[in-house]
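Chemist: This is the structure I have questions about; it appears just below.
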Amino acid sequence: MAWLGGALTRGSASRLDAPFPSRIHRLILAWALSCAAGTLGYSQTAWARQIEGVDFPESTSAAGAAVNLVGVGIRTKWMTNVYAMDVYAANAKKSSAHIVNADEGKLLWLHMLRGISGDKMRDAIDDGLEKNTSEADLLRIKADVERVKAVFPVAIAKGLVIQFAYSPAKGTTLKIGGSDKVTVPSKAFMVAMWAIWFGKSPADKGLRDGVLGG
């Protein structure tokens with residue numbers, strides 16, 4: 001079962017096909033949060049900058065370059081929150097194509113809200129790459145992909161933060177728990193990785209739309 005793609009994509013469909021009461025409950029919750037935001041003087045955008053107790057700044061840096069928040073979202077599987085995602089770019093355009101292809105400083109963070117195995121993460125990366133990258137491009141970046149998958153721990157614990165940071169001069173650096181694990185200079189690798197979430201067959205369309213709309 002892939003947590004970034006594959007089976008989770010079906011999980012997205014399951015939410016659309018959820019029983020009527022479940023949809024009503026979510027609508028009621030959204031209405032209540034909206035009312036509370038208005039009462040306390042917060043905008044809905046302000047609410048979108050915190051998920052499950054995780055705060056997301058409006059700007060940060062990638063390899064010393066300023067990047068701005070594109071949006072935040074949450075990945076849910078069977079009514080369970082799996083991870084929160086925030087995406088940053090030098091030019092924070094609400095565009096999948098820009099997020100994937102822009103050769104500029106950008107960040108993609110996963111904040112784990114539940115534990116999963118390293119094998120599930122590796123399988124999910126493979127699944128997402130296969131769905132969004134051509135066979136020829138996959139062959140070119142195969143060695144880089146294997147290097148990245150190899151650094152994931154046996155268990156990815158709740159609370160762990162995974163970061164993909166890209167700069168045109170350096171390439172993509174994977175950080176796990178705040179520690180640099182591996183850097184891949186290839187731009188093609190960066191494009192393929194970001195396409196897992198924002199390509200033609202994103203791991204979760206709801207999450208993608210949430211990031212682009214948030």
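Chemist: Which aspartates and glutamates have a Cα lying under 16 Å from the Cα of residue 200, excluding residues fewer than 8 positions away in the same chain?
Modeler: Filter leaves 126, 127, 130, 135, 137, 209.
Chemist: Would you work out which of 156, 173, 82 lies farthest towards the positive end of the dipole of the stretch 65-205? Charges go on Cβ: Lys and Arg +1, Asp and Glu -1.
Modeler: 82
Chemist: How much length would be gained if the chain were fully extended between residue 95 and residue 135, taking 0.36 nm per residue of separation minus their Cα-Cα distance, in nm to one decimal?
Modeler: Computed gain between residue 95 and residue 135 is 11.9 nm.
Chemist: Something else about it: Which length gain, in nm to one decimal place, applies between residue 155 and residue 60 when the Cα-Cα distance is subtracted from 0.36 nm times their residue separation?
Modeler: Answer, rounded to one decimal: 31.4 nm.
Chemist: Cα-Cα over 23 Å: which of 94/120; 106/175; 142/181?
Modeler: 94/120
Chemist: Quick one: Karplus J couplings for the stretch 192-208, per residue in order, coefficients 6.51, -1.76, 1.60, θ = phi - 60°, nearest Hz, x for Gly and Pro?
Modeler: Calculated HN-Hα couplings, in order: 5, 5, 5, 5, 3, 9, 10, x, 5, 10, x, 4, 8, 4, x, 5, 4 Hz.
Chemist: Beta carbons within 10 angstrom, averaged per residue: use that to sort the peptides 113-121, 189-197, highest first.
Modeler: So the order, starting with the most tightly packed, is 189-197, 113-121.
Chemist: Cβ under 11 Å from residue 173's Cβ, residue 173 left aside: what net charge do those residues give with Lys, Arg +1 and Asp, Glu -1?
Modeler: +2
Chemist: If each of residue 201 and residue 179 carries a label point 7 Å out from its Cα toward its Cβ, how far apart are those two points in nm?
Modeler: 3.5
Chemist: When every alpha-carbon pair in the stretch 136-214 is counted, what percent end up more than 18 Å apart?
Modeler: Of all Cα-Cα distances in the stretch 136-214, 50 percent exceed 18 Å.
Chemist: What does the highest-first list of 87-97, 68-78, 51-61 look like by mean Cβ count within 10 Å?
Modeler: The densest-packed peptide leads the list: 68-78, 87-97, 51-61.
Bear in mind that the values in this text are calculations on the coordinates, not laboratory data. Given the structure is predicted, the values throughout are model-derived calculations rather than measurements. Methodologically, a virtual Cβ is constructed for each residue, glycine included, from the backbone with ideal geometry; neighbour enumeration extends over all protein chains shown.
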